[in-house]
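The values are calculated or read from the model by the stated rules, or taken from the named source; none is laboratory data. What you are looking at is a predicted structure, and each value in this text was computed from that prediction instead of being measured. Please note: Cβ atoms are built from the backbone with ideal geometry, for glycine as well, and neighbour counts cover all protein chains shown.
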Amino acid sequence: MAKRKKKSYKHPIPSRNELLEFLEKSGKPQKIKNILEEFGLKGQRMRALLEDRLAGMVRAGQIIENRRGEFCLVAKLDLVTGIVSGHRDGFGFVVRDDGGDDIYLSAREMRPLFDGDRVVVRIIGRDRRGKPEGDLVEVIERGMREVAGQFIRERGIGIVIPDNAKIAHRILIAKGESGGAKHGQIVVARILDYPTQVEQATGQIVRVIGEPGAKGISTDIAIHSHGIPTDWPRAVRDEAGKYGKSVPESAKQGRVDLRGIDLVTIDGADARDFDDAVYCERSGKGWRLLVAIADVAHYVEVGSALDKQATARGTSVYFPDRVVPMLPEVLSNGLCSLNPRVDRLCMVCDMRVSADGKVTRSTFVEAVMKSSARLTYSQVDDFLSGRSANDVPKRVQPMLRELHALYKAFAQVRLRRGAIDLDIPATRFELGTDGSIAAIRVVERNDAHRLIEECMIAANVQAAKFLRRHRIPGLYRVHAKPDPERFAELRLFLLSLGLKVPHPEHVKPDQFNRLLQQVKGRPDSVSIAMTMLRSLTHAEYTPENIGHFGLSLDAYAHFTSPIRRYPDLLVHRAIRHVIRGGKPGRYTYKPADMERLGMITSAHERRAEEATRDVETWLKCEYMENRLGEEFDGVVTGVTNFGLFVQISELLIDGLVHVTSLANDYYHYDPGAQQLVGERSGMTFRLGDAMRVKVQRVDMETRRIDFGLVKER
């Protein structure tokens, strides 16, 4: 192959795209010495830089390094890259980077793997259900370095049993590596040797969390089980500390001054960081709406220690007893928080909205603001409903009325657009001083919640349109149509209830809403809504805009929470680049960078959701452990061949009524109708049935609650 002339690179080494192009044209795997020669790179420094670039491409799944030390294109080898999702029974799946069907891995293929590992696999066929099945080719990157679990010592042998149910391995702890842990304690073990096909993983205990029944231990376990970073490296602390506690005058220069406008924040009563503020006024027959967002991009520079740590975290994680923030508190609760009556830097989406709720014009500006008030959802709802105006400053009351009027116009647009409206109540955990669960409250959404949500959606839509219009790399928040197979199962169930359901190939968001309207007022409406929710795909971040099915939008991006979500920070950077006169071609990030960051941030979002769900499940079990023998009203939210999942209506807590605990009969599962049918009696139990249950057993180890059916008296 003819040598190309050495280029004058902005960076001393070729880009990822140039390396991929070379490997493509060469038609065969290449050793690093050949790549160095091809691009005219000499010396140990150039070799080290190229090795770093190639290692990054391996981690991203673009190439792999074979056993001969050659770099190969994954696509040429008919290989697939993705993240391992383990199962407690030993088998697992690979969630593909390209969005294709998950690949099944047998228990044998999972022996050297942990949940969260990044791997390359080769598809070898189909399993008995027709799903693709794979063989492990290479582990690109290990997903976790530490594991939380229970330390067991039997006959002198130490073992850590991971708390994460997706890890079927046991970690062997050698003599002298137990760190003083006692039998039965919950610990954190650092992995020393990962498992192979023939050997178990080995580890070293680096921290003792506490006794299994200790109050407040659940969050520590979840943090370590899911590998959520909590410590701030010194470089990050130093960077964050240099900004001080107030905004210097020099930073305010050249910005639009909004300090004379009554922008307010509206959040939950327990919120500590405020990244969005709103203002509304009449403008002709419509409104002017300002959505001001903390200018995190001003403080977190690309490639800085703060930026690298924010990328590693991806999102703030909100547990019932604490927050693991994406940014240090000096920024998240300080300079980047729109606290009342202090100057703050912000990025503003300035919108003009017509009387019928359509955004007719929008601009983005860098500004300086001073929040007029920190309001809570309950305060605003009390004011808007006329219950009380005592807690709302008089100077912002007229503005809030206009904001409410604007919300009503937005709500009509949402209705006409057909966005899915699953207004499912949430739970709030109230903890005692010792970290134990004191109470569980069901929190209903009110107009103040919906008002802010619609304002944020409007700004996010304008941000997405801005990215699309200027053709600059950024992350869209996308939500694909329901998976046809999963929706087909939902359709059969809904048809059995006598509902009119569209064909899976033609389903639209507004049809979901029509279904919700059909069941409104029924005792099983919440369970039906939850079943419909489970049929939807998970939203994710990607530079490829495919629209947002749930919101019924053709372009959507996250712009409004850069303190706690890394994708929002990336959107801010893209917008700032353009409004400062930059051209897309000269932007710091390239499409390949966004592809990689989209995968990382989507994975971190899932990690945070799983961790918080683990803690909430633990707390619910702990709460019900003190209510053994008590009776509650519930609704069947799931039907399987082994029993009924029932949700207690007043607490939104789920438990299992095992099929063997039902009346004296043999029960058979009918998947189409989502019901159990008694062979002799003909008695049926189906999704949505109301029933009274008794708490029979709580297993804290498996996080499972067993209910018994209370016979009608």
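List of remarks:
- Test result for Val392, assigned to a loop (DSSP other than H, G, I, E, B) and either modelled with pLDDT of 95 or more or among the β-branched types (Val, Ile, Thr) (or both): yes
- Residue in segment 357-371 that is assigned to a strand (DSSP E or B) and aromatic (Phe, Trp, Tyr) present: yes
- Selection within segment 273-298 - surrounded by fewer than 24 Cβ atoms within 10 Å (Cβ to Cβ), part of a strand (DSSP E or B) and out of contact with any helix residue (DSSP H, G or I) (no Cβ under 9 Å at 6 or more places or on another chain): Ser283, Arg288, Leu290
- In segment 325-370, the qualifying residues are those that are more than 19 Å from His558 (Cβ to Cβ) and under 22 Å from the mean Cα position of the chain (by Cα), and the one that is surrounded by the most Cβ atoms within 10 Å (Cβ to Cβ) is Pro328.
- Residues that are outside any strand (DSSP E or B), under 19 Å from Gly213 (Cα atoms) and either touching a helix residue (DSSP H, G or I) at 6+ places or on another chain (Cβ under 6 Å) or touching a residue at least 60 places away in the same chain (Cβ under 8 Å) (or both) within segment 138-192 comprise Asp163, Asn164, Ala165, listed in sequence order.
- Failed item, numbered, when Ala189 is tested on (1) in contact with a Gly (Cβ under 6 Å, 6 or more places away or on another chain); (2) over 30 Å from Thr617 (Cα atoms): (2)
- Within segment 287-309, the only residue that satisfies the criterion of being touching a Leu at 6+ places or on another chain (Cβ under 8 Å) and hydroxyl-bearing (Ser, Thr, Tyr) is Tyr299.
- Failed item, numbered, when Thr433 is tested on (1) surrounded by fewer than 16 Cβ atoms within 10 Å (Cβ to Cβ); (2) at pLDDT 90 or above; (3) not in a helix (DSSP H, G or I): (2)
- Looking across Val478, Val501, one residue alone is within 22 Å of the chain's Cα centre (by Cα) and either surrounded by fewer than 14 Cβ atoms within 10 Å (Cβ to Cβ) or not in a helix (DSSP H, G or I) (or both). It is Val478.
- Residue within segment 393-404 that is within 28 Å of the chain's Cα centre (by Cα) and buried (at least 19 other Cβ atoms within 10 Å of the Cβ) present: no
Conditions tested, residue by residue: (1) within 22 Å of Arg441 (Cβ to Cβ); (2) modelled with pLDDT of 90 or more.
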| site | (1), (2) |
| --- | --- |
| Ile563 | no, yes |
| Val571 | no, yes |
| Arg586 | no, yes |
| Asp633 | yes, yes |
| Thr637 | yes, no |
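- Candidates Leu451, Leu422, Leu415: the one that is under 27 Å from Glu540 (Cα atoms), modelled with pLDDT of 95 or more and either assigned by TED's automatic domain parsing to the domain that holds Thr360 or surrounded by 15 or more Cβ atoms within 10 Å (Cβ to Cβ) (or both) is Leu451.
- Filter result for Arg96 (surrounded by 13 or more Cβ atoms within 10 Å (Cβ to Cβ), under 24 Å from the mean Cα position of the chain (by Cα) and at negative phi): yes
- Of all the listed residues (Val147, Val139), the sole one being buried (at least 19 other Cβ atoms within 10 Å of the Cβ) and either basic (Lys, Arg) or closer than 30 Å to Val74 by Cβ (or both) is Val147.
- Restricting Thr660, Thr612 to those that are over 22 Å from Ala426 (Cβ atoms), of a type outside the set (A, V, I, L, M, F, W, C) and part of a helix (DSSP H, G or I) reduces the list to Thr660.
- Single condition Ser8 does not satisfy, out of (1) at pLDDT 85 or above; (2) under 28 Å from Met594 (Cβ atoms): (1)
- Test: residue in segment 234-256 that is closer than 28 Å to Asp89 by Cβ and loosely packed, with under 12 Cβ neighbours inside 10 Å: no
- Qualifying residue in segment 290-306 (condition: within 22 Å of the chain's Cα centre (by Cα) and over 29 Å from Thr360 (Cβ atoms)): yes
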